[in-house]
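Take a look at the structure set out below.
The values are calculated or read from the model by the stated rules, or taken from the named source; none is laboratory data. The structure displayed is predicted, hence computed values, not measured ones. Quick reminder, even Gly has a Cβ in these numbers, built from the backbone with ideal geometry, and neighbours come from all protein chains shown.
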């Protein structure tokens with residue numbers, strides 16, 4: 001019981017003292033996940049909106065595919081990205097493996113289907129409501145998709161936050177492509193796994209507290225934004 005209490009006390013001290021090692025891990029984690037989420041939004045939101053309003057061969061197959069990829073196993077993504085970035089892979093000459101860039105790529109691959117699928121659902125609801133009005137204005141499907149993206153931007157913020165939540169809590173893919181190198185590619189989730197296996201519980205606990213705080217904050221922000229949008233726009 002004494003060791004248990006001491007671990008929590010030391011973890012708290014690391015937090016309140018802004019421990020440099022802990023701070024660096026948190027900053028890297030946030031930077032990698034934010035970059036991956038931004039890429040996922042830039043790619044996934046237009047794709048999701050076009051799937052919602054478009055009519056083309058294979059559309060239903062793509063919808064099913066993106067919905068299925070929402071549950072894509074992180075370790076599989078890590079393996080595929082590893083093969084692409086390894087020396088024998090097609091992108092091996094760029095030397096990206098075991099770097100934060102490789103981690104961003106892996107997380108972006110994981111998050112993009114989530115953003116695209118959630119965007120498609122939001123825009124599909126908007127399209128069913130405003131379809132006739134947009135058609136009467138002579139808007140093409142591409143223009144309608146862009147208009148609905150802007151109109152549903154507050155609802156779509158929840159898709160972005162959901163993607164970020166998936167990215168920041170991911171461990172398997174980033175460990176495979178990042179190598180979990182101290183001071184270079186070690187993020188919160190991989191550090192928690194490593195330090196727990198080593199028995200260094202205070203650092204793992206401190207990072208666990210930060211990770212939980214980040215995830216709770218994401219959900220609070222998503223709830224607040226959605227509530228504000230509903231009050232603002234009805």
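Quick one: would you say residue 11 is surrounded by 18 or more Cβ atoms within 10 Å (Cβ to Cβ), touching a residue at least 24 places away in the same chain (Cβ under 8 Å), more than 18 Å from the chain's Cα centre (by Cα) and under 27 Å from residue 199 (Cα atoms)?
So residue 11 fits the description; yes.
Of all residues in segment 50-74, which are buried (at least 16 other Cβ atoms within 10 Å of the Cβ) and without any contact (Cβ under 8 Å) to a residue 40 or more places away in the chain?
62
Would you confirm whether or not segment 226-234 contains a residue that is modelled with pLDDT of 80 or more and either within 30 Å of residue 9 (Cα to Cα) or surrounded by fewer than 20 Cβ atoms within 10 Å (Cβ to Cβ) (or both)?
No, the conditions are met nowhere in segment 226-234.
Can you tell me which residue among 172, 179, 183, 199 is in contact with a helix residue (DSSP H, G or I) (Cβ under 6 Å, 6 or more places away or on another chain) and either surrounded by 14 or more Cβ atoms within 10 Å (Cβ to Cβ) or under 24 Å from residue 16 (Cα atoms) (or both)?
172
Hey, can you tell me all the residues within segment 98-121 that are over 15 Å from the mean Cα position of the chain (by Cα) and surrounded by 22 or more Cβ atoms within 10 Å (Cβ to Cβ)?
120
Considering 26, 47, which residue is touching a residue at least 40 places away in the same chain (Cβ under 8 Å), out of contact with any strand residue (DSSP E or B) (no Cβ under 8 Å at 6 or more places or on another chain), farther than 25 Å from residue 201 by Cα and part of a helix (DSSP H, G or I)?
On the way: 26 fails: farther than 25 Å from residue 201 by Cα.
Within the list 26, 47, the selection yields 47.
Quick check, is residue 163 free of Cβ contacts under 8 Å to residues at least 60 places away in the same chain, within 26 Å of residue 46 (Cα to Cα) and crowded, with 20+ Cβ neighbours inside 10 Å?
Here the answer is no, as residue 163 does not meet what is asked.
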